[in-house]
Structures are given as C-alpha cells and as structure tokens.
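Here the structure comes first, spelled out in structure tokens, and everything after it is commentary.
The values are calculated or read from the model by the stated rules, or taken from the named source; none is laboratory data. Predicted model only: the values in this text are computed from it and were never measured. Reconstructed Cβ throughout: ideal geometry from the backbone, glycine too, with neighbour counts over all protein chains shown. All accessible areas refer to the heavy atoms of the entire protein, side chains included, with ligands and DNA or RNA removed. Shrake-Rupley method; radii C 1.70, N 1.55, O 1.52, S 1.80 Å.
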Amino acid sequence: MSYTESYMDMEDLHPIDIVETLAEHHEWEFDRIGDDQIAMAVEAQWRTYSITLAWSAYDQTLRLICTFEMEPPAEKMPNLLDALNHINDNCWAGAFTYWVEQQLMVYRYGLLLGEGQSAGAEQIDRMITAAVLACERYYPAFQLVVWGDKDPEAALQVAIAEAYGRA
C-alpha cells in the first residue's frame with residue numbers, strides 16, 4: 001500500500017500530521033515546530049532547500065515557504081528584482097520574493113481550503129515537489145544574474161530552455 005492510500009479513509013487528519021508522514025517517507029530531515037507548523041530540509045540537485053509548512057485554521061490555508069540563501073552584492077539587486085518579475089510571470093502556482101534582511105530567496109505558495117475540505121497526502125506531496133522544482137528550475141538564472149553578469153532576460157533563457165539528456 002502506498003503512503004497516500006493509507007489516508008483514504010481519514011478525513012480529519014491535520015495537514016501538518018500528513019506533512020510529517022511525508023517527510024518520514026521521503027527521509028527528509030524535519031522538525032515539528034508546533035501543532036500547526038513543520039520545517040524540513042529537502043536535498044535537490046542544486047542545493048538543499050529549507051521548507052516550512054504552516055496550517056492556519058483561521059483562514060483554512062496551508063502555507064508553504066521554500067527558501068535558500070542568496071547574498072547578492074548591492075549593485076546586483078536591481079537586476080535580481082527584475083529577474084524576479086520575469087520569473088514570477090512564468091510561475092502560476094506560486095511566487096518568488098527576496099527577503100533582504102534574512103538574505104533569503106523565497107518561494108511561497110498557499111493552498112486555500114474551504115470549510116470542511118482537507119488536503120490529501122498526494123496534494124501536499126505535489127505542493128512540496130512543485131516548490132522544489134520551481135527553485136531548481138530558476139536557481140541557475142538567479143546565479144547568472146547575481147554572479148554571472150547576465151542580464152535577466154538572458155539568464156531566464158537558461159531556466160526556460162528544455163534540458164535534454166544529462167551531462
């Protein structure tokens with residue numbers, strides 16, 4: 001039985017309990033910060049991403065933030081912000097932002113649920129996977145803008161281009 005099938009008959013499971021089970025299944029490092037919040041580290045090709053999911057019962061939203069450190073020189077900030085605008089035009093399920101004080105690139109997504117609705121394990125797993133894939137896809141573009149002296153449009157072409165094969 002898959003890990004998602006074990007949730008089929010459980011309608012009242014707390015979303016963070018589901019996330020914890022997913023983290024255990026994928027063998028991700030995680031810390032259950034509280035009843036409504038969990039933080040974990042997900043290793044990918046380019047780097048390890050810090051992911052936090054928090055449940056808000058008030059507005060029935062499961063919030064995800066996926067972060068990675070980025071310390072651009074001050075003179076690169078205008079190009080980085082321009083790249084963020086271009087990248088967000090291509091992101092339909094979430095959005096990137098840069099937190100200057102923390103020096104973090106952030107991908108955010110909120111899963112809005114109506115009264116009586118619940119998120120399933122497959123849906124939450126897909127949400128986490130989509131966040132990591134978005135970060136992986138655009139990470140090279142951010143690096144090219146900040147450290148490779150590429151203009152945002154040229155850097156974005158790297159992220160948009162389809163990769164064929166593996167080096």
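Note on region 104-129: among residues that are open to solvent by 30 Å² or more (accessible area, probe 1.4 Å) and touching a strand residue (DSSP E or B) at 6+ places or on another chain (Cβ under 6 Å), the one that is modelled with the lowest pLDDT is L112. The residue list K150, K76 contains one member that is free of Cβ contacts under 8 Å to residues at least 24 places away in the same chain and touching a helix residue (DSSP H, G or I) at 6+ places or on another chain (Cβ under 7 Å), which is K150. When you check A159 against the structure, is it of a type outside the set (D, E), within 17 Å of the chain's Cα centre (by Cα) and under 25 Å from P73 (Cβ atoms), yes or no? Against the criterion (of a type outside the set (D, E), within 17 Å of the chain's Cα centre (by Cα) and under 25 Å from P73 (Cβ atoms)), A159 qualifies.
Quick check on region 56-81: of everything there that is of a type outside the set (D, E), closer than 20 Å to V146 by Cβ and not in a helix (DSSP H, G or I), which residue is farthest from the chain's Cα centre (by Cα)? Please lay out each step first, then the result.
In the first step, residues of region 56-81 are kept if they are of a type outside the set (D, E); the result is 56-58, 60-68, 70, 72-74, 76-81.
Imposing the further condition that a residue be closer than 20 Å to V146 by Cβ reduces the set to 66-68, 70, 72-74, 76-81.
From what is left, the residues that are not in a helix (DSSP H, G or I) are 66-68, 70, 72-73.
Numbers: C66: 4, T67: 7, F68: 10, M70: 15, P72: 20, P73: 24 Å.
Taking the candidates together, the pick is P73.
Test A93 against the criterion of being in contact (Cβ under 8 Å) with a residue 12 or more places away in the chain and either among the polar types (S, T, N, Q) or crowded, with 18+ Cβ neighbours inside 10 Å (or both), and give yes or no. Spelling it out, it is not the case that A93 is in contact (Cβ under 8 Å) with a residue 12 or more places away in the chain and either among the polar types (S, T, N, Q) or crowded, with 18+ Cβ neighbours inside 10 Å (or both). Please verify whether W55 is touching a residue at least 24 places away in the same chain (Cβ under 8 Å), aromatic (F, W, Y) and surrounded by fewer than 18 Cβ atoms within 10 Å (Cβ to Cβ), treating the condition exactly as stated. Spelling it out, it is not the case that W55 is touching a residue at least 24 places away in the same chain (Cβ under 8 Å), aromatic (F, W, Y) and surrounded by fewer than 18 Cβ atoms within 10 Å (Cβ to Cβ). For region 60-70, check the following and say yes or no: at least one residue is farther than 19 Å from R47 by Cβ, modelled with pLDDT under 95 and open to solvent by 30 Å² or more (accessible area, probe 1.4 Å). Yes, some residue in region 60-70 is farther than 19 Å from R47 by Cβ, modelled with pLDDT under 95 and open to solvent by 30 Å² or more (accessible area, probe 1.4 Å). Against the conditions (1) free of Cβ contacts under 8 Å to residues at least 24 places away in the same chain; (2) in a strand (DSSP E or B); (3) open to solvent by less than 40 Å² (accessible area, probe 1.4 Å), L84 satisfies every one except (2).
Hey, can you tell me all the residues within region 14-34 that are buried (at least 16 other Cβ atoms within 10 Å of the Cβ), within 18 Å of E122 (Cβ to Cβ) and not charged (D, E, K, R)? Result: P15, I16, I18, V19, T21, L22, A23, W28. Residues that are assigned to a strand (DSSP E or B) and open to solvent by 30 Å² or more (accessible area, probe 1.4 Å) within region 35-51 comprise Q37, A41, E43, T48, S50, listed in sequence order.
Listed by first and then second residue, the pairs linking a residue in region 96-124 that is in contact (Cβ under 8 Å) with a residue 60 or more places away in the chain to a residue that is open to solvent by 60 Å² or more (accessible area, probe 1.4 Å), with Cβ atoms under 7 Å apart and 6 or more places separating them unless they lie on different chains, are S118/E11.
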